[in-house]
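As structure tokens, the structure follows; a few thoughts come after it.
The values are calculated or read from the model by the stated rules, or taken from the named source; none is laboratory data. Small disclaimer: the values here were computed from a predicted structure and weren't measured. For neighbour counting, all protein chains shown are included, and Cβ atoms are generated from backbone atoms with ideal geometry for every residue, glycine included.
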């Protein structure tokens, strides 16, 4: 069985979905809105903290692409990834179309890999579209100066973090086996991880503010504080960090790999052992 | 296909228990059973959608489910399609899953086989139930399988659609040399097109054999007639008094159904009734149907 043939089938199927096409249109729109927003604000007379915003903002093509990426990473495209992954697994399971694929001579791991591969293609397509449009429009409006390397790495980072997010969503979808359940499960997980991140951030700040004689927290608390870069919000925010030239901690990369590989492993095992209705 | 000791449970409920059956090359095997007997569960185990708790399934000598499906076409329960895609595109997806790199000629072949080529570019969601059944059979025929598993292929079809599907299945077996494993409720259909039959009840195989073997089962092997008389009471009394004759309730058109067992035969029954002064008005020999056997075995 050719893996490429399966990938082709899943990609064609995915791209034929209305939601996938809508996502592509939205990616293109973000690629246009980013530069336009940057242009509008950099040309405005808005004063922030006593400084003229127009002078503070650097308007150039890479910055335009960065703005577009920031808009994208504000959970807009992740929402589409969540929707598409849950449709392509849990939706097909509920609609019984997955069963029709599984009576063919293909292994379940191959089916999952093809679905994740198709998602990777779609994510790559949305990012490429957005990058090309925002860079192109930015170059026309503002010129080509700026930090090209950082923003390009930011797009690569967004691709990687969305892929990890997709693998994790796939794991949830194989466990709960329903589109609504996957969406609710992932939303709860994201909210929980955000709240945990904020709680750890505040607790660490409070602990550091204490005078040394009062600061006698157990060692476990410091381990918890140190785990912040491993949280999903950090691992799935690679793109934004790389786009601003931040040096990422190795634990963030480890967390990214953990959510990607762990998500895949759970999805693969859960699917292998599940009964197909 | 060899199924040995197949058992599957849903929680505490045993859906299929120690199922043994054999489908030989060239068979058109009718898999019968009432609703909830476990037919679909058994078929889902056969194609690897469910993991059996016990037992094994071998298809063309291959026990590994993925490799076993290489020469298998299956239609399990109500067909499902990606409704926003055309019928042809749905088949193309399946062809990719089968590993057919350039399947267009194969798509044309199976669409022609089920008479759907003219509507192939319509969206699957716009198909009637009959068309969906035919498209599903077309999908099962992709890649020229040697064994076809069809689960209630005439379900929901009108009489014309049922006739078409029946003709198609018969033709697949006779002309294409495909072995067919067919689950259905339609006993007349099985009697018409199947050479071997298995009857499942509460997850257990109650009987298996050729149609003739099943029809010849049990006490009714000797003969059954329906008899009427202008004096039904005298008829009933005479039948009860005749050794080898047993009344089996009301038959068609108010006649009394009588089982005749050796050494008594039908001429002997008639002679005995006439001797006892029963005014006979009709004696209609009955050929036992698969429905009779089915009802007898499934309670």
*asked:* Suppose we filter A:33, A:85 for residues that are more than 14 Å from chain B (Cβ to nearest Cβ), over 23 Å from residue A:241 (Cα atoms) and under 26 Å from the mean Cα position of the chain (by Cα); which single one remains?
replied: A:85
*Index of the failed condition, residue B:113 passing every other in (1) within 14 Å of chain A (Cβ to nearest Cβ); (2) under 26 Å from residue A:2 (Cβ atoms); (3) in contact (Cβ under 8 Å) with a residue 40 or more places away in the chain*: (1)
*Is it the case that residue A:14 is part of a helix (DSSP H, G or I), free of Cβ contacts under 8 Å to residues at least 12 places away in the same chain and within 14 Å of chain B (Cβ to nearest Cβ)?*
no
*So residue B:36 clears everything in (1) away from chain A (no Cβ under 13 Å); (2) farther than 27 Å from residue B:162 by Cα; (3) surrounded by fewer than 15 Cβ atoms within 10 Å (Cβ to Cβ) except one condition, right? Which one?*
(2)
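For (1) buried (at least 16 other Cβ atoms within 10 Å of the Cβ); (2) modelled with pLDDT of 85 or more, each residue gets a yes or a no:
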{"position": "A:195", "(1), (2)": "no, yes"}
{"position": "A:202", "(1), (2)": "no, yes"}
{"position": "A:213", "(1), (2)": "no, no"}
{"position": "A:216", "(1), (2)": "no, no"}
{"position": "A:245", "(1), (2)": "no, yes"}
{"position": "A:249", "(1), (2)": "no, no"}
{"position": "A:271", "(1), (2)": "yes, yes"}
{"position": "A:275", "(1), (2)": "no, yes"}
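Out of the residues in the stretch B:7-24 meeting the condition of being within 25 Å of residue A:101 (Cα to Cα) and touching a strand residue (DSSP E or B) at 6+ places or on another chain (Cβ under 8 Å), tell me which one is farthest from the other protein chains (Cβ to nearest Cβ).
Keep residues of the stretch B:7-24 that are within 25 Å of residue A:101 (Cα to Cα), which gives B:7-10, B:15-16, B:23.
Checking which are touching a strand residue (DSSP E or B) at 6+ places or on another chain (Cβ under 8 Å) leaves us with B:7-9, B:15-16, B:23.
Numbers: B:7: 14, B:8: 9, B:9: 11, B:15: 11, B:16: 13, B:23: 17 Å.
Step by step, filter the stretch B:7-24, then rank; the result is B:23.
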*Any chance the stretch B:81-88 includes a residue that's modelled with pLDDT of 95 or more, buried (at least 17 other Cβ atoms within 10 Å of the Cβ), touching a helix residue (DSSP H, G or I) at 6+ places or on another chain (Cβ under 6 Å) and more than 14 Å from chain A (Cβ to nearest Cβ)?*
no
_Output for the stretch A:36-76, where each listed residue is at pLDDT 90 or above, farther than 13 Å from residue A:137 by Cα and within 23 Å of the chain's Cα centre (by Cα)_ = A:69, A:70, A:71, A:72
*Leading residue by the ranking (nearest to residue A:79 (Cα to Cα)) among those in the stretch A:17-30 that are surrounded by 15 or more Cβ atoms within 10 Å (Cβ to Cβ) and within 14 Å of chain B (Cβ to nearest Cβ)*: A:20
_For the condition closer than 19 Å to residue A:148 by Cα and either in contact with a helix residue (DSSP H, G or I) (Cβ under 7 Å, 6 or more places away or on another chain) or part of a helix (DSSP H, G or I) (or both), what is the one hit in A:31, A:54?_
A:31
_Identity of the residue in the stretch B:272-283, within 15 Å of residue B:230 (Cα to Cα) and part of a helix (DSSP H, G or I), that ends up farthest from the chain's Cα centre (by Cα)_ = B:274
*Looking at A:111, A:106, which is the one that is surrounded by fewer than 24 Cβ atoms within 10 Å (Cβ to Cβ), more than 25 Å from residue A:181 (Cβ to Cβ) and within 14 Å of another protein chain (Cβ to nearest Cβ)?*
A:106
*Are any residues in the stretch A:225-251 in a helix (DSSP H, G or I) and within 17 Å of residue A:65 (Cβ to Cβ), and if so, which ones?*
A:238, A:239, A:240, A:241, A:242, A:243
*Which members of the stretch B:160-183 meet the condition of being touching a residue at least 60 places away in the same chain (Cβ under 8 Å) and part of a helix (DSSP H, G or I)?*
B:169, B:170, B:173
_Can you tell me which condition residue B:108 does not meet? The list is (1) touching a helix residue (DSSP H, G or I) at 6+ places or on another chain (Cβ under 6 Å); (2) surrounded by fewer than 21 Cβ atoms within 10 Å (Cβ to Cβ); (3) more than 14 Å from every other protein chain (Cβ to nearest Cβ); (4) at pLDDT 95 or above, and all the others hold._
(1)
*Mind checking whether some residue in the stretch A:73-80 is in a helix (DSSP H, G or I), farther than 30 Å from residue B:82 by Cα and out of contact with any strand residue (DSSP E or B) (no Cβ under 9 Å at 6 or more places or on another chain)?*
no
*Looking at the stretch B:112-126, which of its residues are in a loop (DSSP other than H, G, I, E, B) and within 21 Å of residue B:172 (Cβ to Cβ)?*
B:114, B:115, B:116, B:120
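A quick yes/no check of all residues on (1) part of a helix (DSSP H, G or I); (2) loosely packed, with under 11 Cβ neighbours inside 10 Å:
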position	(1), (2)
B:239	yes, no
B:248	no, no
B:258	no, no
B:263	no, yes
B:270	yes, no
B:285	no, yes
B:288	no, no
B:292	yes, no
B:296	yes, no
_Number of positions in the stretch B:49-80 that are buried (at least 23 other Cβ atoms within 10 Å of the Cβ), more than 7 Å from chain A (Cβ to nearest Cβ) and not in a strand (DSSP E or B)_ = 1
